[in-house]
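A short write-up of the structure that comes next.
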Amino acid sequence: MLEVSNIQSRYGQVTALHDISIEVRAGEVVALLGVNGAGKSTTLKTISGLLHPTRGEIRFEGERIDRMAPEAIVRRGIAHVPEGRHVFPGLTVRENLIMGTSNRKVSRAETERDIEGILEIFPDLKRLYAQMGWSLSGGQQQMLAIGRGLMAKPRLLMLDEPSLGLAPVIVKQVFATIARINAEGMTVLLVEQNVNLSLKVAHRAYLLETGRIVRADTSEALRADEGFRAAMLGAG
Ligand code: ATP
């Protein structure tokens, strides 16, 4: 579904990604792991068109997308839920969800149906439906940000550190939600610091270090690898 081949990405003179190749197949959850600054967020930004790679290419369902604008990439079916949630504070939960449809033309009836579907996945949001974004807790904002991403009806959902700054019980809920969305057919590319939970939900994972992939394996193999686990947990 997604093939990232040998990409290099830079911020001005700083090369953040040296040579990244990853593949995501339809139906998978794939995790990008690594310490702060390894290049995980930059990889997602390059896929979603916020940055253009200076080398390499990216294909989504066979089509080259690495020179496209972010809007064109969302329209092709890739939604990016950035780190830090970015819920619109002055809009209600409902209005925030509707903002997620801005990439496509939808009838009112279809929007209402899609919102119903999202509220089924996130029952908490139903209760908070008319509340303003700013009044939500961190966990509720994260659910809303994911819900808004789903409103774009993507075929690939990219989540950047969805568990960041959340209480452990809420983190578990976020991961359970990712598993559920995937079980219903969504393909997910996940950036995370929480290695243990990521390896439970993901089928495969890539480990990034200073802009390079240093390991790629199934979650099962990585979970069974004591050295890997010790190194990752030691790193944070
Ligand atoms: P984090 O979890 O902290 O976001 P990350 O693995 O996602 O870590 P990136 O944010 O992709 O890492 O950062 C990769 C490298 O690019 C780092 O060296 C970082 O300092 C640099 N970088 C990130 N954003 C910018 C920017 N806007 N301008 C210049 N350099 C940047």
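Please specify each residue of region 146-173 satisfying the condition of being within 16 Å of the ligand (Cβ to nearest atom), on the phi < 0 side of the Ramachandran plot and either within 12 Å of the chain's Cα centre (by Cα) or open to solvent by less than 20 Å² (accessible area, probe 1.4 Å) (or both). Within region 146-173, 158, 159, 160, 162, 163, 171 qualify. Looking across region 209-236, the residues that are assigned to a helix (DSSP H, G or I) and not small (Gly, Ala, Ser) come down to 220, 222, 223, 226, 228, 229, 232, 233. Residue selection: residue 56 fails the criterion of being away from the ligand (no atom under 16 Å from the Cβ), at pLDDT 95 or above and touching a strand residue (DSSP E or B) at 6+ places or on another chain (Cβ under 8 Å). Selection of region 2-27 for residues being within 11 Å of the ligand (Cβ to nearest atom), open to solvent by 10 Å² or more (accessible area, probe 1.4 Å) and of a type in the set (S, T, N, Q) yields 13, 15. Selection of first residues in region 93-104 that are within 21 Å of residue 123 (Cβ to Cβ) and of second residues that are part of a helix (DSSP H, G or I) and among the charged types (D, E, K, R), restricted to Cβ pairs under 6 Å at least 6 apart or on distinct chains, gives the following pairs, ordered by first then second residue: 96/148; 97/148; 100/148. Looking across region 180-208, the residues that are surrounded by fewer than 15 Cβ atoms within 10 Å (Cβ to Cβ) and either touching a residue at least 60 places away in the same chain (Cβ under 8 Å) or outside any helix (DSSP H, G or I) (or both) come down to 184, 185. Of the residues 94, 76, 104, 67, the single one that is open to solvent by 80 Å² or more (accessible area, probe 1.4 Å) and away from the ligand (no atom under 16 Å from the Cβ) is 67. Looking only at residues of region 37-52 that are over 22 Å from residue 204 (Cβ atoms) and within 13 Å of the ligand (Cβ to nearest atom), we find that the one that is surrounded by the most Cβ atoms within 10 Å (Cβ to Cβ) is 51.
The values are calculated or read from the model by the stated rules, or taken from the named source; none is laboratory data. Every value quoted in this text rests on a predicted model; they were computed, and no experiment measured them. FYI the Cβ positions are ideal-geometry reconstructions off the backbone, even for glycines, and counts take in every protein chain you see. In case anyone asks, the SASA skips ligands and DNA or RNA and just uses the protein heavy atoms, side chains included. Shrake-Rupley method; radii C 1.70, N 1.55, O 1.52, S 1.80 Å.
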